[in-house]
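Below is one structure; the comments refer to it alone.
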Amino acid sequence: MSKIIITCAVTGSIHTPSMSPYLPVTADEITQNAVDAAAAGAAILHLHARDPLDGRPSSAPEHFMAFLPRIKQATDAVINISTGGSATMTLDQRLAAPKLAAPEMCSLNMGTMNFALYPAADRITEWKFDWEKPFLENSDDLVFKNTPRDMAHVMEQMGAQRGARFEFECYDVSHLYMLRHFVDRGLVQAPLFIQFVFGVLGGIGPDPENLTHMKLIADKLFGQDYTFSVLAAGRHQIPLITMSAIMGGHVRVGLEDNLMISRGVLAKSNADQVAKIRRIVEELGREVATPTEARAMLHLKG
Ligand code: KMH
Ligand code: ZN
């Protein structure tokens, strides 16, 4: 089996500071978490920004630029900037920082969907910031908008114009067919790096059978032209990504996807989660890819 790429999604835009004191929100915290995650074995760093004043998800380029150069200077890890941002942002807002920073990789969400936050909400015990309550309540009506026109726009702006390659976020089987459509249109090319996303309410559920089905359909649609990685929300993270490692896929960890390190215990850092999955995959006989190896596997611009 080929080497396994560990992606670490450092902070995201879903969890709120009141849910964990370890969620990185300032530039210093995001930098430290990212650098430590890379040192622990993450070849790819999936990054969002936060407003340092209140921890709210931010699309402001200055918030990204407060940590991106520092991370680049301190690690060789692949920088992957989210173009999903938050479901509450417009596409233009989501693309502002990725367009400016022109990273080697960025995420690309493969469909419009509901994006409810219930899996996380049961861990919220108090509201620390005024913005959190409306944000979470609004998930009842939140639409994560990624129309075919939006997706083509991201492919054109980030892929064709800036040479980024994509982490294709597929939250359901239908998203694989959407991706095939764009391959057929010639807007994206192999090797495709497909992130199977499990456990978002609005996407496919975190059942092992769904992972085998996603892989079966991806094999049919893309043959040798793709590799897959798995992320799963909350307590489903480690079981599903371990299954991915067994099936020859890659893995994503990070506090964007799960705040815990084990049942009832908050992860103190992103690096703790990287170290945990690294131990597991090495025990399973897989070797962890370096950033240089990940660049070669995914044909990144470097
Ligand atoms: N938050 C994850 C479920 C993105 O940033 O583009 C998916 C994600 C989306 O990482
Ligand atoms: Zn993300």
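Odds and ends about this structure:
- Neighbours by Cβ (under 7 Å, 6+ apart or cross-chain): first from the range 84-105, closer than 16 Å to His153 by Cβ; second part of a loop (DSSP other than H, G, I, E, B) and among the β-branched types (Val, Ile, Thr): Arg94/Thr83; Leu95/Thr83; Pro98/Thr83
- Enumeration of residues in the range 229-286 that are away from ligand 2 (no atom under 15 Å from the Cβ), of a type in the set (Lys, Arg) and closer than 22 Å to Gly202 by Cβ: Arg235
- Residue list for the range 170-192, restricted to those being within 17 Å of His299 (Cβ to Cβ) and either touching a residue at least 40 places away in the same chain (Cβ under 8 Å) or among the aliphatic types (A, V, I, L, M) (or both): Leu179, Val183, Leu187, Val188, Ala190, Pro191, Leu192
- Residues of the range 56-83 satisfying the condition of being surrounded by fewer than 17 Cβ atoms within 10 Å (Cβ to Cβ) and free of Cβ contacts under 8 Å to residues at least 60 places away in the same chain: Ala60, Pro61, Glu62, Met65, Pro69, Lys72, Gln73, Ala74
- Checking each residue in the range 20-54 for being more than 16 Å from ligand 2 (Cβ to nearest atom) and either buried (at least 20 other Cβ atoms within 10 Å of the Cβ) or assigned to a helix (DSSP H, G or I) (or both) picks out Ala27, Asp28, Glu29, Thr31, Gln32, Val35, Asp36, Ala38, Ala39, Ala40, Gly41, Ala43.
- Residues of the range 286-302 that turn out to be outside any helix (DSSP H, G or I) and either out of contact with any Gly (no Cβ under 7 Å at 6 or more places or on another chain) or buried (at least 16 other Cβ atoms within 10 Å of the Cβ) (or both), as a count: 8
- Taking each residue of the range 193-207 that is modelled with pLDDT of 95 or more and looking for partners that are buried (at least 21 other Cβ atoms within 10 Å of the Cβ) and β-branched (Val, Ile, Thr) with beta-carbon atoms closer than 6 Å, six or more apart or interchain, yields Phe196/Val230.
- As a summary of the residue check, Leu136 satisfies the conditions (1) within 16 Å of ligand 2 (Cβ to nearest atom); (2) at pLDDT below 95; (3) not in a loop (DSSP other than H, G, I, E, B) except for the one numbered (1).
- Members of the range 271-285 found to be touching a helix residue (DSSP H, G or I) at 6+ places or on another chain (Cβ under 8 Å) and either modelled with pLDDT under 95 or outside any helix (DSSP H, G or I) (or both), listed by number: Leu284
- Candidate set from the range 139-172 (those that are part of a helix (DSSP H, G or I) and under 21 Å from Ile14 (Cα atoms)); member that is modelled with the highest pLDDT: Asp141
- Some residue of the range 85-92 being within 15 Å of ligand 1 (Cβ to nearest atom), modelled with pLDDT of 95 or more and either of a type in the set (Asp, Glu) or on the phi > 0 side of the Ramachandran plot (or both): yes
- Restricting attention to the range 1-20 and to residues that are touching a Leu at 6+ places or on another chain (Cβ under 9 Å) and modelled with pLDDT under 95, the residue that is nearest to ligand 1 (Cβ to nearest atom) turns out to be Ile14.
- Residue in the range 253-264 that is at positive phi and at pLDDT 95 or above present: yes
- Residue within the range 4-24 that is over 27 Å from Leu201 (Cα atoms) and either out of contact with any Gly (no Cβ under 7 Å at 6 or more places or on another chain) or not polar (S, T, N, Q) (or both) present: yes
- Residues that are more than 18 Å from Arg162 (Cα to Cα) and not β-branched (Val, Ile, Thr) were ranked within the range 183-198; the one that is surrounded by the most Cβ atoms within 10 Å (Cβ to Cβ) is Phe196.
- Of all residues in the range 89-118 being touching a Gly at 6+ places or on another chain (Cβ under 6 Å) and of a type in the set (Gly, Ala, Ser), the one that is surrounded by the most Cβ atoms within 10 Å (Cβ to Cβ): Ser107
- Filter result for the condition that a residue is of a type in the set (S, T, N, Q), in contact with a Lys or Arg (Cβ under 8 Å, 6 or more places away or on another chain), part of a loop (DSSP other than H, G, I, E, B) and within 16 Å of ligand 2 (Cβ to nearest atom), over Thr11, Thr7: Thr11
The values are calculated or read from the model by the stated rules, or taken from the named source; none is laboratory data. Note that the structure is predicted; figures quoted are calculated from it, not measured. Counting neighbours? That spans all protein chains shown, and the Cβs are built from the backbone with ideal geometry, glycine included.
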